[in-house]
Amino acid sequence: MAKGRRTNLEVGADGVALITIINPPVNSLAFDVLYSLRDSYEEAIRRNDVKAIVIAGANGNFSGGFDVGGFSEIQEGKNVEPKPGYISVDVLTDIIEAGRKPAVAAIDGLVLGGGLELAMVCHGRISTPTAQLGQPELQLGLIPGFGGTQRLPRLVGISKALEMILTSKLVKGTEAQALGLVDAVVLAQELIGTARQWALDMVEGRKPWIASLYRTDNLVPLVEARKMFKLARAQAGKTAHNLKHPSACIDVIEEGIVSGGRAGLLKEVHEFRGLVQTDTCKSLIHIFLAQRGTTQVQGVTDLGLKPRRVRKVAVLGGGLMGSGIATALLLSNYSVIIKGTNEKSLEAMIGRVKAKLQSRVKKGAMSKEKFEKTVSLLKGVLDYESFKDVDMVIEAVPENISLKQEIFSDLEKYCPPHCIFATNTSTLDLDLIGSKTKSQDRIIGAHFFSPAHVMPLVEVVRTNKTSPQVIVDLLDVGKKIRKTPILVRNSIGFAVNKTFFPYGQAAFMLADRGADPYQIDKAITKFGMPMGPFRMADMVGLSVSIVTGMKYVEKFPERTINTRIIHLLHEDKREGEINRKGFYLYDDRGKARPDPELRKYIEKSRSISGVTIDPKLEKLSEKDIVEMVFFPVVNEACRVFAEGVVVKAADLDISSVMGMGFPAFRGGIMFWADSIGSKYIYSRLEEWSKSYGEFFKPCDFLAERAAQGALLSSPVKQAQSRL
Ligand SMILES: C[C@H](O)CC(=O)SCCNC(=O)CCNC(=O)[C@H](O)C(C)(C)COP(=O)(O)OP(=O)(O)OC[C@H]1O[C@@H](n2cnc3c(N)ncnc32)[C@H](O)[C@@H]1OP(=O)(O)O
C-alpha cells in the first residue's frame, strides 16, 4: 500500500481489483479514506489488467459509515470537499457508479450510513448472513448524505426505505437479501471469492450490471408514493415533534421520486449541508462521542490494566432492582446466582427474573429456546456455600446500613480474594458500607436505574480506596451488559440523583406560588423530556421521592424548598401511579389525567409553608418554566462537576440523557447550558434567588465561569486530580 493510503488495491490474476478499506476499528469513512478510495478506484479503472472491481473492508467490517469524529471539520467550515457534493455526486455517482467497469461490494460486519451508501453505489452486493446494514444518520440529526435517500428506496421500495431510515433500524444480511438490498448471501470465507466471480460475471453479461440510482422496478405510482410520504410525515410529527431532520429527509426522498434520482441527490447534498450545522446535529454528535468517552478515564483506564474475566456473578436481593440487575446479566450470558433468605422469598425472586425474560418472549424479542438457555444460567441459593468461585457480587438489598455491613463482612469470608464487591446503594455512603471489611479496595458501587434491565446507564461509584483494577473490571462488565457506565465519586446522590434533585424541587416551588403543575409538565415535555416533574414523581412513587428527598433536605437544608405538596398527597394515601392517584389520576391502563382536586392540596401546602401566590409565576411562559426548572439543575450539575464527582462535563451530559431522559438532541445538561451561556444562566438564577431564596443562588463555580464568560464544560483541573 502506498504511504498514507487508507485503501489497499490488489489486482488478481483473474483481472479483478480488490480495494480494501482500512481504518480501524470500524473502517469509518474519514475524508482521507474517501480520497484514497477515489484514487484506488480511478487507478483500477485506468489499468488495463483490471476488468472488474470488488470493494471490501478490512478485518470483518465493511464500514461503520462516515467518520463521526470528522463532522467537526465540516461544522467549522473547513474546505474538506473541493465543492459541495463532490464525494456524493462526483466520486460515488460519477466515478464509481457510472464507471466503465463493474463493481461489487463484499460486505460483512458493519455496513452503516456512508458504508451502506458506498455498497449501494456498487453494481452488486454480496453479504455474509450476519452483516448489519442500515442508515442510522437520523440518530445524529442528519440524513443519509451519500445518496442513501435515493438508492435505498430504489432497492427495497419506498415504504421499507422510509422505515429503515426513519427508525435507524439495522437489518441482517439474510433479511437484506429478502428485501433485495443484497444479491447473494454467503459465508464469510466465501465472501471475496463469490464477489470476484460475480463481478466477472457482470463483465461477461451473465449477471445484470445495474446502477441503483436509475432503477425504477421497485417504485410505486406517484399517487401511492405520496400517500406513503404523508403517513411518514404524520408519524415523524408525532414521534419527533422537536426535530426538523426527519421531515427534511422525507422531502429529499420525495424529490427523487418526483424529479428523478439525480435531482434527489442534489437536494440531499443541499439539505445535508444545512442539517450538519444545526444545534440538533451538533448535540447528537456530541452525545455519540461523549458516550464512547465515558470509559476513558485519566489515571484509571490509561494505566495499562486489562479487565479481568468475570464469569459468575452473585446478586443479593431479588426485589425490583436485584431482579432487573440479574436479568441484565443473564441477557449478556453471565452465570448468575441469586441468594434468598428462605425458600419462599427465593422462589419469588426467581419468578421475577423469569417474568422479565418471559415478557421478552411475548414481545417476540427472545425465542423460547433462548429463554430456556438463559434461564439455565440462573441458580437460586439460600447460603453462601456456592460463592467460592464467584467473580463479582452485586448487592441490592434494602437501604439499611447495618444489613449491608453484615453482608459484606460475610462475603469476605466466603468469596475468593479476587471477587469484586459491588453495591447498588443509591443513598448510603460506600465507605460506611465497607467499613467492617478488610477489602475496601474491592468495594465499588454499581448504581443501576430502574428498571435495571432496560435503563441504559450505570453509575460506577469509586471510593478513595477502590483499586483501579476493580474499576476497570466493572466498567468492562457495564459495557458487556450493554450499559453506558460513568465513573463517579462516592458522594450523596452520585451524579444523576444529585444533579436532578432540584428538578422536582423547582417544580413544587412554582406550584406553591401559583404556577399550574399541569402546565409545567406540558412545557417540560414540549422541551423534550419524556415526562414532566409531577408525572415523574408519580411514576417513581411519592414515598420513594420523599425518602430520597430527605437525604438532601438533611444535608443541604439551605438549598431545599420548604414545600408540603408531596407530603400532603402522601398523607392522603396518594402514592402515584402505583395506586392510581398522585398528582394525576390514572386509569387501569396507566393513562394519566389531571385531577381538579390537586388544587386543594396546593392551597393547603401554600398556607402551611407561608407563601403566597406570585402573579408573575402564575402566568409564566413555557420558556420561563423551562428555565426556572432547569437552571437550578444546571447549577447543581456545576457543583457536581466542580466537586469532582464526575471526571468530565460530558459525563454529566450522558448521565442526564441516559439516567433522566434529558433530550439527547439538546446534547445533555452541560452542553445545553453552554449553548445558552453561563452569563445568562447566572443572571437569571441571581435574580430569582433575590425573590425566592437560596435555592436559586448560583454556586461559586457558576459565578466564576459567568464572570470569565467561560464555558461550564471546560475541564476542572483541581477537581480532576482529586478524583
Ligand atoms: C454521509 C453519511 O450518510 C453520513 C454517515 O455515514 S454518519 C455515520 C453513520 N454511522 C453511524 O452512525 C454508526 C455509528 N456507530 C455506531 O452506532 C456504533 O459505534 C456501532 C453500532 C458501529 C458499534 O457499536 P459498539 O459495538 O457498541 O461499539 P462502539 O464502542 O460504539 O464503537 C466501537 C469503536 O468504533 C468507533 N466508531 C464506530 N462507528 C464510527 C464512525 N462512524 N465513525 C467513527 N468512529 C466510529 C467508536 O467510536 C468506537 O471507538 P473506540 O473503540 O475508539 O471508542
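Any read-out appearing in this document is the output of simple, stated calculations on the displayed coordinates, not a laboratory observation. What you are looking at is a predicted structure, and each value in this text was computed from that prediction instead of being measured. Using ideal geometry, Cβ is built from the backbone for each residue, glycine included, and neighbour counts are taken over all protein chains shown.
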For the LEU222, THR525 Cβ pair and Förster radius 35 Å, calculated FRET efficiency rounded to 0.05 is 0.40
Cα-Cα longer than 26 Å, checked against LYS581/LYS697; LYS483/LYS697; LYS160/LYS363; LYS388/LYS438; LYS230/LYS619; LYS479/LYS526, kept in input order, equals LYS581/LYS697; LYS483/LYS697; LYS230/LYS619; LYS479/LYS526
Relative contact order of region 312-490 (C-alpha contacts under 8 Å, at least 6 apart) in percent is 21 percent
Answer in debye to the nearest 20: the dipole magnitude of region 7-277 about its Cα centre, from +1 Lys/Arg and -1 Asp/Glu charges placed on Cβ, is 780 debye
Bridge orientation stat for the chain from DSSP, antiparallel percent rounded to 5, came to 25 percent
Working note, region 7-277: Cα radius of gyration (Å, one decimal) and Dmax (Å, whole number) are 17.5, 56
To the nearest 10 degrees, the tilt of helix 649-660 (Cα long axis) against the first principal axis of the alpha carbons of the chain is 80 degrees
The relative contact order of the chain, taking Cα pairs under 8 Å that sit 6 or more residues apart, comes to a percentage of 9 percent
THR563 neighbourhood, Cβ < 12 Å, K/R = +1, D/E = -1, net charge +3
Taking a ≥ b ≥ c as the square roots of the Cα gyration tensor eigenvalues, with a/c under 1.5 meaning rounded and otherwise prolate when a/b beats b/c or oblate if not, region 187-320 comes out oblate
With +1 at each Lys and Arg Cβ and -1 at each Asp and Glu Cβ, the charge dipole magnitude of the chain around its Cα centre, to the nearest 20 debye, comes out at 800 debye
The cysteines in the chain that find no other cysteine Cβ closer than 4.7 Å to their own Cβ are CYS122, CYS249, CYS281, CYS638, CYS699
Highest mean packing first, using Cβ neighbours within 10 angstrom, the peptides 506-516, 29-39 sort as 506-516, 29-39
Highest mean packing first, using Cβ neighbours within 10 angstrom, the peptides 274-283, 109-118 sort as 109-118, 274-283
Taking Cα atoms only, helix 261-275 is inclined relative to the longest principal axis of the chain by an angle, in degrees rounded to 10, of 30 degrees
When the charge dipole of region 7-277 is computed with +1 at the Cβ of Lys and Arg and -1 at the Cβ of Asp and Glu, the Cα pointing farthest to the positive end, of PRO144, ALA106, LEU179, is that of LEU179
Here the alpha-carbon Rg of region 312-490 over 2.2 N^0.38 Å rounds to 0.97
In degrees rounded to 10, the 0-90 angle between helix 542-555 Cα long axis and the longest Cα principal axis of the chain is 70 degrees
Helix-only [θ] at 222 nm, the chain, -39500 (n - 2.57) per DSSP H run of 4+, per residue, nearest 500, equals -14500 deg cm²/dmol
Cβ-Cβ cut-off under 11 Å around LYS160, Lys and Arg +1, Asp and Glu -1: the net charge is -1
Under the 7 Å Cα-to-Cβ spin-label approximation, ASP410 and LYS717 lie apart by a distance in nanometres of 5.0 nm
For VAL381, the residues 5 or more places away or on another chain with a placed amide H closer than 5 Å to its own amide H are ILE338, LYS339, GLY340
In order over region 349-357: 3J(HN,Hα) from phi, Karplus 6.51/-1.76/1.60, θ = phi - 60°, whole Hz, x for each Gly or Pro, gives 4, 4, x, 5, 5, 4, 4, 5, 5
Listed by chain and number, the residues whose amide H is under 5 Å from that of ALA131, excluding neighbours fewer than 5 places away on the same chain and using placed H, are GLY109, GLY173
Whole-Å distance linking the alpha carbon centroid of region 416-446 with that of region 513-588 is 32 Å
Placing each pseudo-label 7 Å from Cα in the direction of the beta carbon, ALA707 and GLU597 end up separated by a distance in nanometres of 5.2 nm
If unit charges are put on Cβ atoms (+1 for Lys and Arg, -1 for Asp and Glu) and the dipole of the chain is taken about its Cα centre, the option from GLN505, SER127, LEU316 lying farthest towards the positive end turns out to be LEU316
The rounded separation in angstrom of the Cα centers of region 323-373 and region 649-680 is 34 Å
Cα-based Rg/(2.2 N^0.38 Å) for region 441-532, rounded to two decimals, is 1.40
Per the Kirkwood formula over distinct C-alpha pairs, the hydrodynamic radius of the chain in angstrom is 28.3 Å
Region 462-618 -> Rg/Rh from Cα coords, Kirkwood Rh, value 1.05
Taking 246-253, 167-174, 589-596 and ranking on average Cβ neighbours within 10 Å, highest first, one gets 246-253, 167-174, 589-596
